[in-house]
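Notes to accompany the following structure.
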Amino acid sequence: MVTGQPGDGLGAPVDRAPAGAAFARRVEQLTGNLCRVLRGKDVVVHQALACVLAEGHLLLQDVPGTGKTSLARALAASVRLEWNRIQFTPDLLPSDVTGVSVFNQATGAFEFRRGPVFANVVIGDEINRASPKTQSALLEVMEERTVTTDATVFPVPRPFMVVATQNPIDMEGTYPLPEAQLDRFTMRLQVGYPPADAEAAILRHEKDGATVATLAPVMEGLDLLAMIDHVKTVEVSPAIEAYIVALAAATREAPEVRLGVSPRGSLALLRVARAWAAMADRPYVVPDDVKACMAPVWSHRILLHPEAELQGRSASDVVGRAAQSVPVPRHVHA
């Protein structure tokens with residue numbers, strides 16, 4: 001388990017912060033590993049990696065069998081980190097996720113047994129098959145990176161991210177995720193069906209077993225922490241900050257919207273845009289970085305009025321119109 005905290009004997013991640021060339025090499029290593037598993041989906045892989053480097057949580061939504069869980073497992077397996085997988089079912093309890101206090105007869109006191117959420121990467125498979133009560137068990141840890149029980153606060157290790165998969169909510173046996181939990185996911189991606197040539201490659205390479213089962217780590221946990229810290233050095237000018245605020249305001253003012261992008265969503269977009277710029281080997285964010293990340297970072301945070309949904313409008317339409325209506329700043333880097 002990697003924490004990167006001072007005094008843990010692992011060294012400070014900032015001391016290993018990679019230069020541009022080293023960062024690009026590590027990005028290439030991670031991308032290559034992920035593309036071995038999710039073939040023909042380079043854009044999805046790039047977006048997922050940006051979410052990881054922004055130290056955010058990722059929600060993968062699509063129909064069964066498109067590679068959602070494989071991508072989640074590949075993200076966990078590509079870095080030498082501790083990871084746990086939780087299969088969400090209707091009878092899953094909150095304590096099955098976060099942990100439970102158990103009475104120790106030898107000591108005469110209650111002891112907290114940590115649940116699977118205490119890992120660097122937590123894979124929540126089919127998260128929307130659990131009840132809203134169980135889903136809400138993730139609210140604190142996703143936002144604050146802590147679990148509170150019996151007035152005691154337990155921090156989870158760093159880096160920490162939840163990679164969850166869910167089936168479309170109109171499928172049998174699924175529950176819609178609470179708005180508060182959706183807002184805690186930094187990015188939502190839809191994998192989609194692969195192109196014909198990529199699907200043929202899947203048949204050819206995985207007929208004897210899943211590639212993800214043999215995937216080897218390409219870096220240590222401290223290397224990933226160094227990459228995350230490198231992303232935090234990417235400059236965001238006041239003009240870009242004002243641009244993101246104006247875009248968020250445009251989503252809130254749209255007449256068909258009943259819940260627009262929150263300040264948490266604005267901050268998530270800023271963080272992912274920094275990762276996007278770093279992956280392009282640029283030390284500062286430009287408007288194109290913001291636009292490239294808007295849809296996957298914001299679409300799941302916007303709720304429409306029922307009348308607008310009946311008319312066939314979508315959150316992605318709102319994001320697209322905001323991008324078109326808000327003027328792009330000209331001077332974004334001094």
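Collect the residues in region 314-334 that are in a loop (DSSP other than H, G, I, E, B) and closer than 23 Å to residue 188 by Cβ, keeping them in residue-number order.
Let us first name the residues in region 314-334 that are in a loop (DSSP other than H, G, I, E, B), namely 314, 326-334.
Listed by number, the residues that qualify are 314, 326.
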Review point. In the set 246, 216, 275, which member is surrounded by fewer than 20 Cβ atoms within 10 Å (Cβ to Cβ) and not assigned by TED's automatic domain parsing to the domain that holds residue 183?
Key: 246
Review point. Among the residues of region 210-219, is any among the polar types (S, T, N, Q), at pLDDT below 90 and more than 30 Å from residue 305 (Cα to Cα)?
Key: yes
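Given the criterion buried (at least 19 other Cβ atoms within 10 Å of the Cβ), within 25 Å of residue 163 (Cβ to Cβ) and in contact with a strand residue (DSSP E or B) (Cβ under 9 Å, 6 or more places away or on another chain), identify the matching residue among 182, 177, 259, 225. Walk me through how you get there before you give the answer.
On the way: 182 fails: buried (at least 19 other Cβ atoms within 10 Å of the Cβ); 259 fails: buried (at least 19 other Cβ atoms within 10 Å of the Cβ); 225 fails: in contact with a strand residue (DSSP E or B) (Cβ under 9 Å, 6 or more places away or on another chain).
None of the other options fit; the residue is 177.
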Check your understanding: Within region 153-173, can you find the residues that are part of a loop (DSSP other than H, G, I, E, B) and among the β-branched types (Val, Ile, Thr)?
Key -> 156, 169
Review point. Quick check: anything in region 292-301 over 18 Å from residue 189 (Cβ atoms) and surrounded by 14 or more Cβ atoms within 10 Å (Cβ to Cβ)?
Key: no
Check your understanding: For residue 233, which of the numbered conditions (1) loosely packed, with under 14 Cβ neighbours inside 10 Å; (2) among the β-branched types (Val, Ile, Thr); (3) in contact with a Gly (Cβ under 7 Å, 6 or more places away or on another chain) fails to hold?
Key -> (3)
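Of all residues in region 284-313, how many are free of Cβ contacts under 8 Å to residues at least 60 places away in the same chain and either part of a helix (DSSP H, G or I) or touching a Gly at 6+ places or on another chain (Cβ under 9 Å) (or both)?
So the answer is 15.
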Exercise for review: For region 60-80, indicate whether the set of residues that are within 17 Å of residue 297 (Cβ to Cβ) and surrounded by 16 or more Cβ atoms within 10 Å (Cβ to Cβ) is non-empty.
Suggested key: yes
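Have a look at 5, 29 and point out the one that is at pLDDT 85 or above and either under 27 Å from residue 183 (Cβ atoms) or out of contact with any Lys or Arg (no Cβ under 6 Å at 6 or more places or on another chain) (or both). Lay out the reasoning, then the answer.
Values: 5 fails: at pLDDT 85 or above.
Testing whether each residue is at pLDDT 85 or above and either under 27 Å from residue 183 (Cβ atoms) or out of contact with any Lys or Arg (no Cβ under 6 Å at 6 or more places or on another chain) (or both) leaves just 29.
Tell me, which helices (runs of 4 or more DSSP H) lie completely within region 174-280 with 2 or more residues that are in contact with a Pro (Cβ under 7 Å, 6 or more places away or on another chain) and touching a residue at least 12 places away in the same chain (Cβ under 8 Å)?
Details: elements: 179-182, 196-206, 221-231, 238-253, 263-279.
Passing ranges, in order: 221-231, 238-253.
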**Study point:** Subset of region 17-44 (residues that are surrounded by 18 or more Cβ atoms within 10 Å (Cβ to Cβ), in contact (Cβ under 8 Å) with a residue 24 or more places away in the chain and outside any loop (DSSP other than H, G, I, E, B))
**Key:** 23, 26, 27, 30, 33, 34, 37, 44
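The values are calculated or read from the model by the stated rules, or taken from the named source; none is laboratory data. Note that the structure is a prediction, hence the values are computed from the model and not measured. Here Cβ is always computed from backbone atoms with ideal geometry, including for glycine, and neighbour counts include all displayed protein chains.
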